[in-house]
Amino acid sequence: MSQVMLQERESYEDLPTLALTQYFRTAGDRLVEESAMLGTAIRSIMASHGDLSNKAIIQKLIAFLETNDDVVTGDIIRKTLEIIVDHTMDDI
């Protein structure tokens, strides 16, 4: 588990928003599942050689939500999506 968390923390460096990075870094154990979900989204985006942006993360989480059948996992995805949207400036 510590190896997974280390990888997740390393991926925070890639986040496009400093506020989002700080939020996940300071959350501690409160957002373990959401942090793992965010890490999965980031790795998926990077694996497809996509540009990592808030929009890309949001789109990836929505895609995860659309293909998910598990209620608990759906809640984790929604919570992660909510955090990303709350810490993302609107497009101008």
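The values are calculated or read from the model by the stated rules, or taken from the named source; none is laboratory data. Here the structure is a predicted model, which means the values were calculated and not measured. FYI the Cβ positions are ideal-geometry reconstructions off the backbone, even for glycines, and counts take in every protein chain you see. To get the accessible areas, we keep the full protein, side chains included, count just its heavy atoms, and leave off ligands, DNA and RNA. Shrake-Rupley method; radii C 1.70, N 1.55, O 1.52, S 1.80 Å.
Pairing each residue of the range 67-88 that is farther than 21 Å from TYR23 by Cβ with any residue that is part of a loop (DSSP other than H, G, I, E, B), provided the two are 6+ apart or on different chains, yields C-beta distances under 8 Å for GLY74/ASN68.
Taking the chain as the region of interest, the helices (runs of 4 or more DSSP H) fully inside it that hold 3 or more residues being open to solvent by less than 50 Å² (accessible area, probe 1.4 Å) and modelled with pLDDT of 80 or more are 32-47, 54-66, 71-86.
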